[in-house]
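K.L.:
Questions regarding the structure given below will be posed in turn.
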Amino acid sequence: MRLVGLTGGISSGKSTVSNLFKSHDIPVVDADIVARDVLKKGTGPKLGQIVFSDPGKRQLLNRLLAPFISSGILREILKLWLKGCKVIVLDIPLLFEAKMDTWTKPIIVVWVDTETQLQRLMARDGINEEDARNRTNAQMALDLKRSKADIVIDNSGTLEDLKEQFQKILVQVTRPLTWTEFWLSRQGAFSALVSIIIGVVVGKNVVGKL
């Protein structure tokens, strides 16, 4: 099983890339959705609505609830593992901050230059430049995330440019599993179990003939 890490920054276009994976039938575990579920179960929908309407509060809450969110993500991975999924994308905004990058290979960072990021954020949320800079500065710098990535998607251009890059990355992400990844998949685990059973049966037969 291959766990692909997907992260980026506010207004970097990570959600667009996440949706592109979904459109190609690659399962995506969305940490934001998991966090919402944790909030609803633990503190009620009203608090969830308040927090998720404020990106700054959402980031703080994600850090506070990181252990619960991690457990929720693991449960979603297990569900997909049981279904036999070989490639799973983990869409996690705080991938590096929460140290979840140790789970994933490769790690994809959706990067955008600072000015483009600010312009998109101001246009999207209808805020001024100062507020936009405060929001971006509250996150780990995209340049730092890029330095930690295995694959970088430069989303400073058009949507068509993004889709063109995605097609190349899709080939990398869906390449045949390595042996290690295969043994971590449901199929690999089943094969290992069958091998063990056969080994035990053969061993008993050999002992019985002695």
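K.L.:
Longer than 30 Å from Cα to Cα, which of K40/K163; K83/K145; K105/K163; K40/K148 are they? Say none if no pair is. Before the final figure, lay out each step's value.
P.N.:
Details: K40/K163 35 Å; K83/K145 32 Å; K105/K163 21 Å; K40/K148 33 Å.
Exceeds cut-off: K40/K163; K83/K145; K40/K148.
K.L.:
Going by average Cβ density within 10 Å per residue, which order do the peptides 21-28, 84-91 take, highest to lowest?
P.N.:
Numbers: 21-28: 14.8, 84-91: 19.8.
Highest mean packing first, the order is 84-91, 21-28.
K.L.:
Another question, if that's okay. Counting Lys and Arg as +1 and Asp and Glu as -1, what is the net charge of the other residues whose Cβ lies under 12 Å from the Cβ of V28?
P.N.:
Details: positive: K14, K22; negative: D25, D30, D32, E76, D91.
Computed value for this residue: -3.
K.L.:
Additional query: Return the distance in nm (one decimal) between the two label points of a simple spin-label model at K83 and K168, each offset 7 Å from Cα along Cα→Cβ.
P.N.:
So the label points at K83 and K168 sit 3.0 nm apart.
K.L.:
Of all alpha-carbon pairs in segment 65-210, indicate the percentage at a distance above 27 angstrom.
P.N.:
44
K.L.:
For a quick protection proxy, order the peptides 3-16, 67-80 by their average other-Cβ count within 10 Å, most packed first.
P.N.:
Numbers: 3-16: 22.9, 67-80: 16.3.
Top of the packing list down: 3-16, 67-80.
K.L.:
Translational diffusion coefficient of segment 74-142 at 4 °C, 1.567 mPa s, Stokes-Einstein with Kirkwood Rh over Cα pairs, in µm²/s as a whole number.
P.N.:
The calculation lands on 89 µm²/s.
K.L.:
Label-point separation (nm) for R175 and R146, each offset 7 Å from Cα along Cα-to-Cβ?
P.N.:
Reported label-point gap for R175 and R146 is 2.3 nm.
K.L.:
Calculate, in nm to one decimal, what I196 and T116 gain on full extension: separation in residues at 0.36 nm each, minus their alpha carbon distance.
P.N.:
23.2 nm
All of the numbers you see were taken from the coordinates with simple rules; none came from a lab. Bear in mind the structure is a predicted one, so any value in this text is a computation, not a measurement. As a convention, Cβ positions derive from the backbone with ideal geometry for all residues, glycine included, and neighbour counts pool all protein chains shown.
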